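Have a look at the structure below, then the notes.
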Amino acid sequence: MTMYESKNLNEEVERIHGELSTNAVVPKSWLAQAVVLRHQNVSGGDADFAIWAMGQAINRAIEAFFRRIKASEEAADDPQMILPGYERLQRRYLVTRGGEVASVPVQLVTDEEFRLKISEMNNMQEGLEKHKLEILRFMRERASTVSLLAAKA
């Protein structure tokens with residue numbers, strides 16, 4: 001029997017998400033519960049610890065999976081995540097509903113949720129523009145410092 005590893009859990013989270021997500025909203029808690037339900041054979045003196053550790057591992061795996069969805073939203077570099085006919089529009093978005101982050105099919109994202117996404121994108125764009133301008137300023141300041149040092153030498 002092979003040892004169960006993080007890789008197995010990550011694959012299981014992705015597989016279960018795929019099973020649950022066909023045109024459905026998948027809150028993190030649903031995904032966690034679905035994984036837990038497949039691993040209920042925990043007994044013995046250390047059962048409480050094993051259940052706690054299992055919950056921690058499942059939560060970490062789901063967080064990593066949701067980070068990959070979020071990264072795809074920002075970079076749109078995963079062709080499997082792109083809605084056919086679009087270059088950047090994702091098949092799913094992470095949105096907060098009822099105080100919980102959920103993976104939501106694009107057709108079920110509300111206009112208000114899309115407005116929030118657009119606002120996030122505008123904030124990111126502003127931040128990137130400020131960052132770019134600071135890099136350019138630093139390069140100018142560095143060049144003038146180097147020129148002053150060279151003139152003194």
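The values are calculated or read from the model by the stated rules, or taken from the named source; none is laboratory data. A quick note: this is a predicted structure, and the numbers were derived from the prediction, not measured. All Cβ positions, glycine included, derive from the backbone under ideal geometry; neighbour counts span all protein chains shown.
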- prompt: Can you find even one residue in region 121-134 that is surrounded by 12 or more Cβ atoms within 10 Å (Cβ to Cβ) and outside the structural domain of residue 14 (by TED's automatic domain parsing)?
  reply: yes
- request: Using the structure shown, decide if residue 95 is closer than 30 Å to residue 40 by Cα, touching an Asp or Glu at 6+ places or on another chain (Cβ under 8 Å), at pLDDT 90 or above and in the same structural domain as residue 15 (by TED's automatic domain parsing).
  value: yes
message: Any residue that is assigned to a loop (DSSP other than H, G, I, E, B), surrounded by 14 or more Cβ atoms within 10 Å (Cβ to Cβ), in contact (Cβ under 8 Å) with a residue 12 or more places away in the chain and touching an Asp or Glu at 6+ places or on another chain (Cβ under 9 Å) - is there at least one of those in region 70-77?
response: yes
- line: Counted residues in region 91-147 being part of a strand (DSSP E or B) and more than 17 Å from residue 71 (Cα to Cα) come to 2
